[in-house]
Structures are given as C-alpha cells and as structure tokens.
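Trainee: Pasting a structure here, questions to come.
The values are calculated or read from the model by the stated rules, or taken from the named source; none is laboratory data. Note that the structure is predicted; figures quoted are calculated from it, not measured. Every residue, glycine as well, gets a Cβ built from its backbone with ideal geometry; the counts of neighbours run over all protein chains shown. Surface areas here come from the heavy atoms of the whole protein model, side chains and all, with no ligands, DNA or RNA. Shrake-Rupley method; radii C 1.70, N 1.55, O 1.52, S 1.80 Å.
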Amino acid sequence: QNDSWGKQYSHALFKAMSHMLCIGYGQQAPEGMTDVWLTMLSMIVGATCYAMFIGHATALIQSLDSSRRQYQEKYKQVEQYMSFHKLPGDTRQRIHEYYEHRYQGKMFDEENILGELSEPLKEEIINFNCRNLVANMPLFANADPNFVTAMLTKLRFEVFQPGDFIIREGTVGKKMYFIQHGVVSILTKGNKETKLSDGSYFGEICLLTRGRRTASVRADTYCRLYSLSVDNFNEVLEEYPMMRRAFETVAMDRLDRIGEEWSPGPAQPP
C-alpha cells in the first residue's frame, strides 16, 4: 500500500492476468463470497477471450496459405481412400508422386476461378500461363494470335509419370497432345522408336482422319502436357480453315516420311 503507483498498478495487473489467463487465482486466495464470484467471473471472461484469440490466430495462419491447406485436406482423403482399398505400396507411392508433380503442394479450383472472370481476363491469364508452350512451338509462333488464343482456351493440362502410356496402339484417337515439358517415345511398328520433347505435338493425324492409333506413345520422364479433344479441335479449325490446312500439311509430311497412317513427331512450321 505504501509503494509507488507504478508498483501498485503492476501488482494489480499481475493478479488480474492470473485470473483471466486461468493459470491461478493470484498470489492470495479470494476472501469472502464477493472475491470468489469476481474471481470466477474474471476466469470465465479470460478463458473466453483466450479461446477467441487462439481461434482467430489459427484462422489467420490458415488463411495465409489456404491453397496448401486444401491440398493437404485433399491428400488426406486420397490416403484414406488408398488405405480403405488396401492398395499395394508401389501404387501408393506412384499416386503420391503424381500428386506432388501435378499440384506441387497447392490446389486451386482453376476452372471455377477462370469461369468467374471476364473473357478478356481469362484469355490474358491463359496466354500468360501457356507462354512457354507458345514460345517453344513453331506452329503457334507463326500462327494468327486469335487462333492461338482460341486454341489455348480449349487445352486441358495433364501430367504423366515415367512409363505411362499416353496413347496405346489400336485405340480410337480422341485427343491430341502438346508437350510443355518432358520427353516421350513414339513406339511404331517394327519397334522403331522416336523421341519428342518440349515444343512438340502428337496425335493430330487421328483427329483429322478419325482413325485408330497405329502406334503407342510412352512417357520417358515426368511430362507436363496439354491435351485437346477432337470436338474442340474441330471447333477451332472450323473458324480457322487455314490452320486446318497447316495441320494437314504437317500430317501428310509425316505420313510421307514414315509411310504409315499415324505418325507423331516434332512440330514443324507450316
């Protein structure tokens, strides 16, 4: 009682925080019912404030990297799925590696995000995301910018692991593929093998002829590809008939070189 106001205030603050943080009831036990009820009220208010602080802090931390949290939640479901079906260890490892390369620790609902944007913004983002693909592909580099934009908006991103067969011989051609990054092998009849890498495309001849694949395509490395379905392929080429002729010119050149009805290869300028 005879100390300075600073010491008195510090002592009072210490007792109040001891109550409110629920780590005790101060240096002295409450005396009388008034002190007991005030102490309990202080502890209840303090516990509530402490819980609110922890909740807000947790929400703030999670909001700083919500895409990583969504990825972790999604992968937990995948792990539970693999455990429920008792998948073998090597399959689980391949699934884990696929998710790591496909999403790289972050997950977005890209289709929904792009769907909410205006067409100019959507086209700008798609052109930016695919700038490396456009820069490495002579077909796009020499084409009408409007055709390139129309084509890019139809592409679907896909990832394949080493050893995966992207195309199998004898199947109906429903997609063509553009290689953003990676190396694939074209396995034709007679065990002839051709390598394709960044900036190449394959599978377009079956879309033009509506025939079956006469060769297989295998991923040699982790491959980041963009696929184009036959419906989207024809839809875009109907608007740009000159580009259809460019595809047909390249396709016929490939057919002449290998003498088969299906021949993937590196993209060549028309």
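Trainee: Mind putting a number on the dipole of the stretch 75-185 about its Cα centre? Charges go on the C-beta only, +1 for Lys and Arg and -1 for Asp and Glu, and I need it in Debye to the nearest 20.
Mentor: It comes to approximately 360 debye.
Trainee: Got a sec? Charge dipole of the chain, +1 on Cβ for Lys and Arg, -1 for Asp and Glu; which of Ala219, Trp37, Ala150 is way out at the positive end?
Mentor: Ala219
Trainee: Angle check, please: helix 5-20 long axis (alpha carbons) against the longest principal axis of the chain (alpha carbons), in degrees 0 to 90, nearest 10.
Mentor: Tilt of helix 5-20: around 60 degrees.
Trainee: Just subtract the alpha-carbon distance of His56 and Asn146 from 0.36 nm times their residue separation and send over the number in nm, one decimal.
Mentor: Length difference between fully extended and current span is 27.6 nm.
Trainee: Accessible area per residue for the stretch 164-260 in Å², computed with a 1.4 Å probe and the full protein assembly in place, what is it?
Mentor: 48 Å²
Trainee: Report, in degrees rounded to the nearest 10, the 0 to 90 angle that the Cα long axis of helix 89-103 makes with the longest principal axis of the chain.
Mentor: Tilt of helix 89-103: around 90 degrees.
Trainee: If we count every other residue with Cβ under 12 angstrom of Arg68's Cβ, Lys/Arg +1 and Asp/Glu -1, where does the sum land?
Mentor: Residues close to Arg68 contribute a combined charge of +1.
Trainee: Moving on. Using unit Cβ charges (K, R positive; D, E negative) and no other charged atoms, how large, in debye to the nearest 20, is the dipole of the chain about its Cα centre?
Mentor: 740 debye
Trainee: Send over the Kirkwood Rh of the stretch 118-258, from the inverse of the averaged 1/r over different Cα pairs, rounded to one decimal Å.
Mentor: 15.5 Å
Trainee: Only Lys, Arg, Asp and Glu count, each charged at its Cβ (+1, +1, -1, -1), so figure out the dipole size of the stretch 55-130 about its Cα centre, rounded to 20 debye.
Mentor: Taking the Cα centre of the stretch 55-130 as origin, the dipole is about 520 debye.
Trainee: Among Pro30, Pro88, Pro162, which one shows the highest mean-square fluctuation when the chain is modelled as a Gaussian network with alpha-carbon springs under 10 Å?
Mentor: Highest fluctuation among the options: Pro30.
Trainee: Then there is this: From the cross-link list Lys174/Lys195; Lys86/Lys175; Lys74/Lys122; Lys154/Lys189, which pairs have alpha carbons spaced over 28 Å apart?
Mentor: Correct reply: Lys86/Lys175; Lys154/Lys189.
Trainee: Let me ask another. Counting alpha carbon pairs within less than 8 Å and at least 6 residues apart, what relative contact order, in whole percent, applies to the chain?
Mentor: This gives 15 percent for the chain.
Trainee: If you don't mind, there's one more thing I want to ask. Please work out how much length the chain gains when fully extended from His11 to Asp35, using 0.36 nm per residue of separation minus the C-alpha to C-alpha distance, in nm with one decimal.
Mentor: Extra length from His11 to Asp35 when fully extended: 7.0 nm.
Trainee: Next up: Any idea of Lys15's accessible area? Nearest 10 Å², probe 1.4 Å.
Mentor: Result for Lys15: roughly 60 Å² accessible.
Trainee: Add -39500 (n - 2.57) for each DSSP H run of 4 or more in the chain, then divide by its residues: what number comes out at 222 nm, to the nearest 500 deg cm²/dmol?
Mentor: -17500 deg cm²/dmol
Trainee: With semi-axes √(5λ) of the Cα gyration tensor in Å in mind, check [x] 44, 24, 13; [y] 65, 22, 14; [z] 102, 18, 13 and report the label derived from this structure.
Mentor: Label [y] holds the value from this structure.
Trainee: Return the distance in nm (one decimal) between the two label points of a simple spin-label model at Asp253 and Gln93, each offset 7 Å from Cα along Cα→Cβ.
Mentor: Each label point lies 7 Å from its Cα, and together they span 4.3 nm.
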